[in-house]
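As structure tokens, the structure follows; a few thoughts come after it.
The values are calculated or read from the model by the stated rules, or taken from the named source; none is laboratory data. Since this is a predicted model, take the numbers as computed values, not measurements. Neighbour counts run over all protein chains shown; Cβ positions are idealised from the backbone, glycine included. Remember, those area values only see protein heavy atoms, side chains included, never the ligands or the DNA or RNA. Shrake-Rupley method; radii C 1.70, N 1.55, O 1.52, S 1.80 Å.
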Amino acid sequence: MINRREMNIVGLIGTGMVGASFAYALMQRGTANELVLIDADAARAEGEVMDLNHGLPFVQPMRIIAGGYADLTDADVIVICAGIGQRPGQTRLELLKTNAGIFRQIIPQITAVNQDAIIVIATNPVDILTYISAQIVGLNQARVLGSGTVLDTARLRYLLSQHYGIDSRSVHAYIVGENGDSELALWSLANIAGVRLPDFVGANGQGYDQAALHQIFDHTCNAAYEIIKRKKATYYAIGLGLLAIVEAIIRDTHTVMTVSSPLSGEYGVDGLAISMPAIVGRSGVEEVLDLPLSEAELKAFQASAQTLKERLSEL
Ligand code: NAD
């Protein structure tokens, strides 16, 4: 029996579609020894726990329980997916007020029992909720990060992989800024096998095509709306994105990810949380990378930050 201190314990607050998808992905990877599910709708958390536990004979052993905040005392990572989901036609920023209220209840309950866990936020608007949460946590703000544009970056890499006929894991391209309408692609740094896109020819003979890349960016930005229109919510890909973040933390992998974190002067931005490629490891966000953006990208990033600042001031 391993000592409780040596166990990898993950807490999950909000066991709706996104939370449950993350839990399902996590149990299959064998990354955690224990997973604690919490939801305002206790029956929903219990139902998910029953369903997940019945799959344990098919995966590596772990403990999955429904609980309360007192069960998070020894958690290493706490993932928050609680809140109201995005409705058809609704922008992510319209969710702000309701979900901010929910977070002002949740975060103090976490810090009352655990001051060390890394807090990973998925609820939208993720940048604003990450910033509010970091403010509540106070010192040690690197403990708080948001899934930010991790999912949109994955969408961009997938669509580029389809265009060039290359495995998406070999495509290096980032979506940064607000997780929302003002986000941007860092095209000047995008590459496959170290070759910038204007010079790359894919396995399918596909070369540089600016119109196609514009369309790929549009499809990346509109993906959430398109999926919500068809199936009311998005959850599998973000569930896997959250798994990747939690693994980077638990395994201390120093993985570069476009998570959202509070900035203090990087790229001329401070007083808000926003996504830029950052190194993620056991202590959360270890460093926001200082990348050589083009002048236009830097301007667009700062404009995206300004949009978030205006939303924050609306609160
Ligand atoms: P959902 O409605 O299925 O689940 C939300 C859950 O939160 C519900 O089970 C609800 O009971 C619970 N909840 C509400 N208030 C709570 C509280 N105070 N304490 C504990 N639990 C509480 O929604 P969903 O589809 O799972 O989406 C969850 C969030 O994730 C939404 O804000 C959505 O916009 C966001 N999301 C983010 C991304 C991203 O890229 N960051 C992608 C998809 C969805």
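Which ones in the stretch 198-218 are within 26 Å of GLU94 (Cα to Cα) and touching a helix residue (DSSP H, G or I) at 6+ places or on another chain (Cβ under 6 Å)?
Matches in the stretch 198-218: ILE216 only.
Looking at the structure I just gave you, is ASP51 farther than 19 Å from ALA273 by Cβ and more than 10 Å from the ligand (Cβ to nearest atom)?
Considered against the rule, which asks whether it is farther than 19 Å from ALA273 by Cβ and more than 10 Å from the ligand (Cβ to nearest atom), ASP51 comes out as yes.
Mind checking which residues of the stretch 82-111 are at pLDDT 95 or above, more than 11 Å from the ligand (Cβ to nearest atom) and either among the polar types (S, T, N, Q) or not in a helix (DSSP H, G or I) (or both)?
Result: THR111, single match.
Can we say ALA233 is surrounded by 13 or more Cβ atoms within 10 Å (Cβ to Cβ) and either assigned to a loop (DSSP other than H, G, I, E, B) or of a type in the set (Ser, Thr, Tyr) (or both)?
Values: surrounded by 13 or more Cβ atoms within 10 Å (Cβ to Cβ): yes; either assigned to a loop (DSSP other than H, G, I, E, B) or of a type in the set (Ser, Thr, Tyr) (or both): yes.
Judged against the criteria, ALA233 is a match.
Applying the selection to the stretch 7-28, what residues are farther than 18 Å from ALA122 by Cα and at pLDDT 95 or above?
Within the stretch 7-28, ASN8, ILE9, MET27, GLN28 qualify.
Which residues, taken from the stretch 52-69, are in contact with a Leu (Cβ under 9 Å, 6 or more places away or on another chain) and open to solvent by less than 40 Å² (accessible area, probe 1.4 Å)?
LEU52, MET62, ILE64, ILE65, GLY67
Of the residues in the stretch 1-26, how many are closer than 23 Å to GLY241 by Cβ and open to solvent by 10 Å² or more (accessible area, probe 1.4 Å)?
Initial filter on the stretch 1-26 (closer than 23 Å to GLY241 by Cβ): 8-26.
Keeping just the survivors that are open to solvent by 10 Å² or more (accessible area, probe 1.4 Å) gives 8, 16-18, 20-21, 24-25.
Of the residues in that region, 8 qualify.
Within the group GLN162, GLN206, which residue is more than 13 Å from the ligand (Cβ to nearest atom), open to solvent by 10 Å² or more (accessible area, probe 1.4 Å) and in contact (Cβ under 8 Å) with a residue 12 or more places away in the chain? Break it down into steps so the answer makes sense when it comes.
On the way: GLN162 fails: in contact (Cβ under 8 Å) with a residue 12 or more places away in the chain.
Only one candidate passes the filter, namely GLN206.
Table: residues versus (1) assigned by TED's automatic domain parsing to the domain that holds SER264; (2) basic (Lys, Arg); (3) touching a Gly at 6+ places or on another chain (Cβ under 8 Å); (4) closer than 30 Å to GLU94 by Cα.
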| residue | (1), (2), (3), (4) |
| --- | --- |
| ALA142 | no, no, yes, yes |
| LEU159 | yes, no, no, yes |
| GLY165 | yes, no, yes, no |
| HIS172 | yes, no, no, no |
| SER182 | yes, no, no, yes |
| ALA185 | yes, no, no, yes |
| ARG196 | yes, yes, no, no |
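Which residue pairs have Cβ atoms closer than 6 Å, lie 6 or more positions apart in sequence or on different chains, and pair a first residue in the stretch 214-230 that is open to solvent by less than 70 Å² (accessible area, probe 1.4 Å) with a second residue that is hydroxyl-bearing (Ser, Thr, Tyr)?
From residues that are open to solvent by less than 70 Å² (accessible area, probe 1.4 Å), the pairs are ALA224/THR234; ILE227/THR234.
Count, please, the residues in the stretch 117-155 that happen to be part of a loop (DSSP other than H, G, I, E, B), open to solvent by 10 Å² or more (accessible area, probe 1.4 Å), more than 10 Å from the ligand (Cβ to nearest atom) and in contact (Cβ under 8 Å) with a residue 40 or more places away in the chain.
0
Return the residues of the stretch 149-196 that are within 20 Å of LEU272 (Cα to Cα) and among the charged types (D, E, K, R); say none if nothing qualifies.
Of everything in the stretch 149-196, those that are within 20 Å of LEU272 (Cα to Cα) and among the charged types (D, E, K, R) turn out to be ASP152, GLU178, ASP181, GLU183.
Could you please find all residues in the stretch 100-109 being surrounded by fewer than 23 Cβ atoms within 10 Å (Cβ to Cβ) and touching a residue at least 24 places away in the same chain (Cβ under 8 Å)? First the steps, then the outcome.
Taking the stretch 100-109 and keeping what is surrounded by fewer than 23 Cβ atoms within 10 Å (Cβ to Cβ), we get 100-105, 108-109.
The answer is ALA100, PHE103, ARG104, PRO108, GLN109.
Could you tell me how many of the residues in the stretch 153-192 are polar (S, T, N, Q), touching a helix residue (DSSP H, G or I) at 6+ places or on another chain (Cβ under 8 Å) and under 17 Å from SER304 (Cβ atoms)?
3
Can you say whether VAL79 is part of a helix (DSSP H, G or I) and either in contact with a Cys (Cβ under 9 Å, 6 or more places away or on another chain) or closer than 30 Å to ASN222 by Cβ (or both), as far as the supplied structure shows?
Answer is no for this residue.
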